[in-house]
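**Q** Supplied in structure tokens, the structure appears directly below.
The values are calculated or read from the model by the stated rules, or taken from the named source; none is laboratory data. The structure displayed is predicted, hence computed values, not measured ones. When we count neighbours, we look across all protein chains shown, and the Cβ atoms used for this are built from the backbone with ideal geometry, even at glycine. Heavy atoms of the whole protein, side chains included, go into the accessibility calculation; ligands, DNA and RNA do not. Shrake-Rupley method; radii C 1.70, N 1.55, O 1.52, S 1.80 Å.
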Amino acid sequence: MADIEVLEFDVLIIGAGGAGLRAAVEASSRGMKTGLVCKSLLGKAHTVMAEGGMAAAMGNVWSEDNWKVHFRDTMRGGKMLNNWRMAQLHAQESPERVHELEEWGALFDRTKDGLISQRDFGGHRYARLAHVGDRTGLEMIRTLQQHAVHQGIDVFQECTINRLLQSEDGSMSGAVGYWRESGKSIVFRSKAVVLATGGLGKIWSITSNSWEGTGDGHALALYAGAEAIDMEFVQFHPTGMVWPPSVKGILVTEGVRGDGGTLRNSSANRFMFNYIPSMFASETADTEAEADRWYGDKTVRRTPDLLPRDEVARAINAEVKAGRGSPHGGVFLDIASRRDSEYIQRRLPSMYHQFMQLAGVDITKESMEVGPTAHYAMGGVRVDPETAATTVPGLFAAGEVAGGMHGSNRLGGNSLSDLVVFGRRAGIGSSEYAQKIEQLPGIDQSEIDTRIAEMHKPFSDEGSENPYSIHRELQETMQKNVGIIRTETEMKTALEDIQSLRGRYNSVGIEGNIQYNPGWHMALDLEHMLTVAEAVTRAALERKESRGGHTRDDFPETSAEFGKVNVVVKLNESGVQVSQDQLPAMPEELQMLFEEN
């Protein structure tokens, strides 16, 4: 390996968003030599796109709020499919993680009493989201990044991991990847690996995800033999811009509705009153007058505009299908008629400037045209709640790449607190694992040589398929056949298309040099996307019911039997395999919380 760069660490963390940075800070603070790999530039992680806030039951706005209410909201939002222990730990530890960020320099908005301000968000009983205007994710990254750099963590920017490396016993020994600028290969040797790679939204054509969201971590874990759960559950955020084309798919934060914005159809009717599910009927307003009172008085029932995201997305989809949508296939989100310009620009500065500059839309004067956009993967690598350990020794996962925390639907604001709660736990778990290993595990040179040769294969003269064409066709079949509403027939069509595209992928060809070649990068990412697309589709076929982010026209009801199981995905010699596994039983003292109002 004389011509291949080899670096050695106790803990290697792949992904430099909120979860990866928090894991790196924790591992480094425990004396581990820590390496942090980011696919893009440091500070450019998708976490910066999380705008509305981070959920934590601090009780700063409503003293009635506490971790038990937050836990109950999270479980109900996930339609009780969440790993209860993950939801419990998240609810209990989120306030401490918010205060920790504040101690490290995060500048949260304040109440008039000087406490950290908390705003309303869908599915949360009380105003619970600590926020920095509508730039909360950016502030989180800024704070964690500064803290990590001061600890002397080694950071590898614009470096992409292509495969994890394993010892003869199957435990982690490192990873192999490449520098995006030079194209040169790099090998990391490590005792433990933490996956914090984010989501997989780029397998759909309409998505809020940036270019990095290609499912790398999900695929890397599956290649290594790890289990994934809940892959069928993909959140289509209800309010992505559908017009104009310059901003299609870009997210409109739930904070717009949290600050008084309302959803309206082509007749200007607030249609959400027609889509209140029985589970939330007792606490959701059924008149406009009562809904409008909710923003200032939590003793009345919540506005239906702030129902959980899956409920809102399905309602918008139904209005569009019924011919009551906006001119460009969405609905209208109006805050201009409900809040003055000063309020909107103060509370939602990024929303105002982003859409004014990119689209010429002045949200202080006109409604936005919005609709569902592929946003977040609830499913991911199966982990132990306490340690974030996967089913592969030495491999850990946190953040969006990990499954279990959110069940079948994530509540807005739970993602940012999820990142730091379980990012920290992954840092602890990986450190404790690495401390037990005296020497770096061995690596197989032939395995590395084979993988690097596979990475370079698209440059051979044999390839003729364009990776961008394959990617576009993958996005189209997933958008059409495995989107917000699904049927068995359509998903089987998607599987046929995926298999055809996989065959074409074997003949993909790239022109140009290896130095910063986006076509080559797309070709390598495409392998991961084909894998996760198949995993999502096969899991969705297995779950014969509608629940949370997974809605089937051929099985429209929620099934009591499927409410007791996770769909588990694994890879073997035959490809993607699915099975069912019983949910862990919730303790009686937590079950009792759902019998209360």
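**Q** Please determine, in degrees from 0 to 90 and to the nearest 10, the orientation of helix 309-321 with respect to the longest principal axis defined by the Cα atoms of the chain, where the helix direction is its Cα long axis.
**A** For helix 309-321, the angle is close to 70 degrees.
**Q** Starting from the Cα gyration tensor of the range 51-183, take the square roots of the eigenvalues, sort them a ≥ b ≥ c, and report rounded, prolate or oblate (rounded when a/c is under 1.5, otherwise prolate if a/b is larger than b/c, else oblate). Intermediate values should be presented prior to the final figure.
**A** Working: a/c = 2.66, a/b = 1.57, b/c = 1.70.
It is oblate, given that a/c is not under 1.5 and a/b is not larger than b/c.
**Q** If packing is taken as the average count of other Cβ atoms within 10 Å, what order do 319-327, 557-565, 164-172, 25-33 fall into, highest mean first?
**A** Working: 319-327: 15.6, 557-565: 13.4, 164-172: 18.3, 25-33: 21.2.
In descending order of packing, they fall as 25-33, 164-172, 319-327, 557-565.
**Q** What ranking do 301-307, 141-147 get when scored by the average of other Cβ atoms within 10 Å per residue, highest first? The partial results should precede the final answer.
**A** On the way: 301-307: 24.9, 141-147: 21.0.
Answer by packing, highest mean first, reads 301-307, 141-147.
**Q** ³J(HN,Hα) across the range 5-15 via Karplus (A = 6.51, B = -1.76, C = 1.60, θ = phi - 60°), whole Hz, x for Gly/Pro?
**A** In residue order, the calculated couplings are 5, 10, 10, 10, 9, 6, 10, 10, 10, 9, x Hz.
**Q** For Thr450 and Glu283 in one chain, what is 0.36 nm times their gap in residues minus the Cα-Cα distance, to one decimal in nm?
**A** Working: separation 167, 0.36 × 167 = 60.12 nm, distance 5.84 nm.
Fully extending the segment from Thr450 to Glu283 adds 54.3 nm.
**Q** In addition: Working from Cα positions, state the angle (0 to 90°, nearest 10) between the long axis of helix 18-29 and the longest principal axis of the chain.
**A** Roughly 60 degrees between the two axes.
**Q** Can you give the accessible area per residue of the chain, in Å², using a 1.4 Å probe?
**A** On the way: 21820 Å² over 597 residues.
Result: 37 Å² per residue.
**Q** Enter the Cα centre distance for the pair the range 432-446 and the range 210-252, rounded to the nearest angstrom.
**A** Each part reduced to its Cα centre gives a spacing of 32 Å.
**Q** Additional query: Can you tell me how much longer the chain between Arg293 and Gln151 gets when fully stretched, taken as 0.36 nm per residue apart minus their C-alpha distance, in nm with one decimal?
**A** Values: separation 142, 0.36 × 142 = 51.12 nm, distance 4.80 nm.
Full extension of this stretch gives 46.3 nm more.
**Q** Can you pull the percent of Cα pairs in the chain with separation above 38 Å?
**A** Numbers: 46909 of 177906 pairs.
Here the tail beyond 38 Å accounts for 26 percent of pairs.
**Q** Report the charge-dipole magnitude of the range 435-489 in Debye, nearest 20, computed about the Cα centre from +1 at each Lys and Arg Cβ and -1 at each Asp and Glu Cβ. If you can, show how the numbers build up before the last one.
**A** Details: 6 positive and 11 negative charges, 80 e Å.
The dipole magnitude comes to about 380 debye.
**Q** Follow-up question, since we're still on this one. If you fit an axis through the alpha-carbon atoms of helix 349-359 and take the longest principal axis of the Cα set of the chain, what angle between them do you get, 0 to 90°, nearest 10?
**A** Long axis of 349-359 versus the principal axis of the chain: about 70 degrees.
**Q** What's the center-to-center distance, using Cα atoms, between the range 525-565 and the range 113-147 in Å?
**A** Cα centroid to Cα centroid, the span is 32 Å.
**Q** Between the range 299-335 and the range 39-65, what's the alpha-carbon centroid distance in Å?
**A** 24 Å
**Q** Could you calculate the contour length gain from Arg472 to Val300, that is, 0.36 nm times the residue separation minus the distance between their Cα atoms, to one decimal place in nm? List each step's numbers first, then the result.
**A** Working: separation 172, 0.36 × 172 = 61.92 nm, distance 4.72 nm.
Taking Arg472 through Val300 to full extension adds about 57.2 nm, to one decimal.
**Q** Mind ranking 249-259, 12-22 by how tightly packed they are, going by the mean number of other C-beta atoms within 10 angstrom, highest first? The partial results should precede the final answer.
**A** Working: 249-259: 24.5, 12-22: 32.4.
The densest-packed peptide leads the list: 12-22, 249-259.
**Q** Between Gln580 and Gln439, what's the calculated FRET efficiency when r is the beta-carbon distance and R0 is 41 Å? Round to 0.05.
**A** On the way: r = 40 Å, r/R0 = 0.98.
Here the calculated transfer efficiency is 0.55.
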